[in-house]
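Let me begin by presenting the structure, written as structure tokens, before commenting on it.
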Amino acid sequence: MPHHYQDFELLIKKVETKNARPHRHQYFELIYVLQGQGKHIINGNQFEYKKGDLFLLNTTDQHMFKTSSPSELCIIDFTGSFFAFIRSDEKRNYQSTGFFEQMEYIFHNQYRLKGHIITNENDKQLTEILIGRLLWEKEQNEYGKEDMSRNIVFLLLQLITRYIHEHSIFPVKTKRAQRVVRDIINYIHQNIYNKENIKVENIARRFYKSKDHISLYFKKQAGITLKDYILSYKFELAKTRLLYSDLPVASIASELDFTDESHLNKLFKSKLGVTANAYRKRNKNE
């Protein structure tokens, strides 16, 4: 039986190849292999799996396991409430939880993950410890059990985020340039909801460069202007919000600092040929 938390469900599942068929899940899942080995087939691609491997699946992924030895999985299933938003009575607008913003980045960059997602040996050891502690907490009735479990899952998400950062850099020429571009991108992601912080002049000040210099430097190294990168990232975040929350389009536009709903719709029309609401309806009905 799954154990229910506020933002996710945790369950242990024994895997049998018999009668296995490719299937999808309603929400995102983290799957950690507790024991066994075989092949994990994701969207027709086969990945060898073994004890200690970690996979992230989104709602469009079709997958199944073909076991070559008895296998057991720890599954963290992010529930609908995970994508809920906090309504602030003082500010009268919607604010996302830090948990959601962490996952939002992962959703946007999930296509960079191929097969199991933690390859660094130190991170794999830490992942094993975190999963072990999460399962231990599941069996306890100690004070703060839910908060502890939530924090453990958040640490797992941070490991995945770091892994994505390390595999998502533009093909720049030098290691120094790679670090600078990575730092600029990370800064943008962390401050995407702060209108002032992501102005080009303020990004330049943060990295001790002039506005013109940082713009030219980023374009030369990344092949895209800072402004275009920020707009592109906001657009991807808007797509995530449309698919995984029930926020009105106007609220999404406001939170991501578009002029209004019409402005966001024009961006969707130019990039995808449909309005934001049409994009939401089309993809939620698939």
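Computed over the alpha-carbon pairs of segment 208-286, the distance histogram in 5 Å steps reads 3, 15, 23, 20, 12, 11, 9, 5, 1, 0 percent, short to long. So what is the relative contact order of segment 162-286, in percent, for Cα pairs below 8 Å that sit 6 or more residues apart? Reported relative contact order: 17 percent. A simple count of charges around Ser149, restricted to other residues whose Cβ falls under 10 Å of its Cβ and scoring Lys, Arg +1 and Asp, Glu -1, yields 0. A simple count of charges around Lys195, restricted to other residues whose Cβ falls under 13 Å of its Cβ and scoring Lys, Arg +1 and Asp, Glu -1, yields -2. Listing His23, His40, His213 from fewest to most neighbouring C-beta atoms within 10 Å gives His23, His213, His40. Just going by the charge dipole of segment 175-284, with Lys and Arg at +1 and Asp and Glu at -1 on Cβ, which of His213, Asn191, Leu256 is farthest out on the positive end? Farthest towards the positive pole: His213.
Counting only residues at least eight positions apart within a chain, or on another chain, the lysines with an alpha carbon under 21 Å from that of Lys175 are Lys209, Lys219, Lys220. Taking amide H atoms as placed 1.01 Å from N in the peptide plane, the amide H of Val15 lies under 5 Å from those of Ser71, Glu72, Leu73, each 5 or more residues away in sequence or on another chain. Between the amide H of Phe8 and those of Thr79, distances stay under 5 Å, these residues lying 5 or more places away or on another chain, with hydrogens modeled in the peptide plane.
Near Lys211, within a Cβ-to-Cβ distance under 12 Å, what is the net charge of the other residues, with Lys and Arg +1 and Asp and Glu -1?
Working: positive: Lys199, Arg205, Arg206, Lys209, Lys227; negative: Glu201, Asp212.
Summing Lys and Arg as +1 and Asp and Glu as -1 gives +3.
Put in order of Cβ neighbour count within 10 Å, fewest first, the listed residues Glu16, Glu255 become Glu16, Glu255.
All of the numbers you see were taken from the coordinates with simple rules; none came from a lab. Only a predicted model underlies this, so the values are computations on that prediction, with no experimental measurement involved. Methodologically, a virtual Cβ is constructed for each residue, glycine included, from the backbone with ideal geometry; neighbour enumeration extends over all protein chains shown.
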